[in-house]
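Only one structure is covered here, and it is reproduced in the block below.
The values are calculated or read from the model by the stated rules, or taken from the named source; none is laboratory data. Every value quoted in this text rests on a predicted model; they were computed, and no experiment measured them. We place every Cβ from the backbone using ideal geometry, glycine too, and count neighbours over all the protein chains shown. With ligands, DNA and RNA removed, areas are computed over all heavy atoms of the protein, side chains included. Shrake-Rupley method; radii C 1.70, N 1.55, O 1.52, S 1.80 Å.
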Amino acid sequence: MRRQDLQLLAAARQGDLPARLEVARRYLSGADGFARHVQTGLDYLQHPGLRNHLPAMRIVVDNLSLHELIERGLLSTLVQAAELDHAAAQAKLAAWRLTRPGGWADARCWLQRSAGAGMSTHLSVAKNLTRDDSVQFDSPAIDATAPDADERAAMCFESLARAGVFDPGLLLGLAIQRALVRDDAQRSCWCLALAARCLPSASAGLAQAAVQVLALAARCGRPLTPVPVAWIEAALQRRAADGDPQAIYLLGCALSGLACGARGADALVSHGNLRKGLALLLRAADAGMTQSWMHLYRLSADHRSSVSNPPMARFFLEKAAQQGDAVAQRMLGALTLRESGSLAASEQALHWLHQAGAQGDALAHRLLATLVLPVTGEEQAATAALQAIGQAEPALAARLAVARQFGLTKLETLSFDPATSMRPWGLVIGINPHIRKQRLAAARAVPALNPAAMTALRTAAGLFGRDDRRAVQGPGDFQRRARSMQRLFERTGAQESSFFAQASANTLETLRQGPKWAWRVRSELRLALQCPA
């Protein structure tokens, strides 16, 4: 470093303000023997005497690009310089305002002031916005809120980029990332549309940002600023080739003709390709995009589709259910229950329906309710009777509470084993060896419709383990329990209708056999098997 440069640095370190300004300028511009180092240059401008100092702000604005100013949190400095009629600051601030939808009015004002301050280049840019010599930029006839204001703003942004006011790729990449942090889909889509106007193709960074913007727009589910299809498709293809799961998923949906949020498939790709789309969706699902499994199910289950494949459709539905999709869990449970002919199949079906119901799926809850027999007794009378019975035989009272919550018949209540019949979704009443009629003695799975039912079952299981260790092993125990219950009912005045459901053998058989149950609840089943688009 030259001697005079060392003297300049020494003066700057001693607090000489002009020296600090000069050293800052050289570091920020990388000129006159100084390597460019932005942070060091900004540090020299931190002196209290240079706060709100126009020459200092001019140095910052003139030697830092617009995206560097924004990235380093110097927007307030840019605004201050613009308000003090620094023309370059006004032009840069106008460009930043144009990265917001609806920013044309504010940007127009700053460009007017920039032209008035001597930036004739930007005035000429502004005058040519509409390519109409009859419309003057400074004319009050131009309404900043007119329907074509967005088009004027986009044309202005494009013209300023050509004039070298900023680097459109870097500036828009920064603006998009800031919008994504705030989940601002409107601004991010607007910036993406500006990028498509200013750049023939997306850079690696902008392609990645485009995928993130499209994912955010899909979550928002409302129409946003359109982006040229060819530009978007090229960005998606580039990211998909790099293995981006989100890009693979979006491209697969679009090629398969599936809408992505409020955007139709034709907003992302120019031509569909169902087989390629299916392959991409399978890749996306394998990469962790779990929503792809339901798309794969819809495509494979459609008998009109060229990729129809019922066995694969069932596999995709099972995968979606395993990944926690409530609709898939409800549909898989309904299909399994409709086809069930054994207790094991019924248990599997109730497991999936319970999972869907736990996520708030109303249709799954309606199907579960069809498997529970009604108990007609009044709640108040049943509660009083349980309290009285519980003082004499707590285990029997717990059984009766379970019977009321699960809609069990009298024979089922006397025979089931609470400790072994409990499941996460309800209970299983095993085969009753003490009943001669097979249609009445067959096993049955009963779901819990609310948390109170599971609480009652857990209480009964706990009491059974402590107080009633004699399991249902023979007719004597079954008959003993029946006699004890009869005596307590007579003593307390309790009514059987308060605890037991009434059902014929045909009704019970319907609940055990999937095809018969499906015919009985065909309207509810039809709704449950509807797959949303």
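Label separation (ALA344 vs ASP148): 7.3 nm, computed from points 7 Å beyond Cα along the C-beta direction. Length gained on full extension, ALA105 to VAL181: 24.8 nm, using 0.36 nm per residue less the C-alpha separation.
Put simply, the amide H of CYS260, placed in the peptide plane, has neighbours under 5 Å in ALA265, leaving out anything fewer than 5 places away on its chain. Each peptide in 212-218, 504-510 receives the mean, over its residues, of other Cβ atoms within 10 Å, and ordering these scores from highest gives 212-218, 504-510. To put it simply, the accessible area of the stretch 255-345 at a 1.4 Å probe is 52 percent carbon and sulfur. Here the Karplus relation 6.51 cos²θ - 1.76 cosθ + 1.60, evaluated at θ = phi - 60°, turns the backbone of the stretch 387-398 into coupling constants of 5, 5, 5, x, 5, 8, 9, x, 5, 5, 4, 5 Hz, with x for every Gly and Pro. The calculated FRET efficiency for ALA35 paired with VAL229, based on their beta-carbon distance and R0 = 30 Å, is about 0.10. Structural descriptor for the stretch 202-325: relative contact order 19 percent, calculated from alpha carbon pairs under 8 angstrom and at least 6 residues apart. The residues of the stretch 15-95 present an accessible area of 42 Å² per residue when probed at 1.4 Å with all protein chains retained. Taking Cβ atoms as reference points and 13 Å as the exclusive limit, the residues near LEU8 contribute a net charge of +2, counting Lys and Arg as +1 and Asp and Glu as -1.
Counting only residues at least eight positions apart within a chain, or on another chain, the aspartates and glutamates with an alpha carbon under 20 Å from that of LYS410 are GLU378, GLU379, GLU393, ASP468, ASP477, GLU490, GLU496, GLU509. Taking label points 7 Å from Cα along the Cα-to-Cβ direction, ALA388 and ARG491 give a separation of 1.1 nm. Annotation for ALA362 and SER201: the two label points, set 7 Å from Cα along the Cα-Cβ direction, are 5.0 nm apart. Proximity of backbone amide H atoms, modeled 1.01 Å from N, is registered between ALA443 and ILE431 at under 5 Å, excluding neighbours fewer than 5 places apart on the same chain. The local environment of LEU363, defined by Cβ-Cβ distances under 15 Å, has a net charge of +2 under the rule Lys, Arg +1 and Asp, Glu -1. Excluding residues on the same chain fewer than 8 positions from LYS92, give the aspartates and glutamates whose Cα lies under 18 Å from its Cα. Filter leaves ASP62, GLU68, GLU71, GLU83, ASP106, GLU158, ASP167. Per-peptide packing, taken as the mean over residues of other Cβ atoms within 10 Å, places 384-391, 228-235 in the sequence 228-235, 384-391 from highest down. Here the extension length gained between LEU274 and GLN380 equals 32.1 nm, from 0.36 nm per residue of separation less the Cα-Cα distance.
Sequentially through the stretch 415-430, phi angles give Karplus couplings (6.51, -1.76, 1.60; θ = phi - 60°) of 9, 6, 9, x, 5, 9, 8, 6, 10, x, 9, x, 9, 10, 8, x Hz, Gly and Pro residues having no value and appearing as x. Close amide-amide hydrogen proximity is noted between ARG423 and VAL428, each under 5 Å apart and 5 or more residues distant or on a separate chain (H modeled in the peptide plane; Pro and chain starts excluded). Accessible area per residue for the stretch 152-271, computed on protein heavy atoms with a 1.4 Å probe, is 38 Å².
In the chain, Cα pairs under 8 Å separated by at least six residues give a relative contact order of 8 percent.
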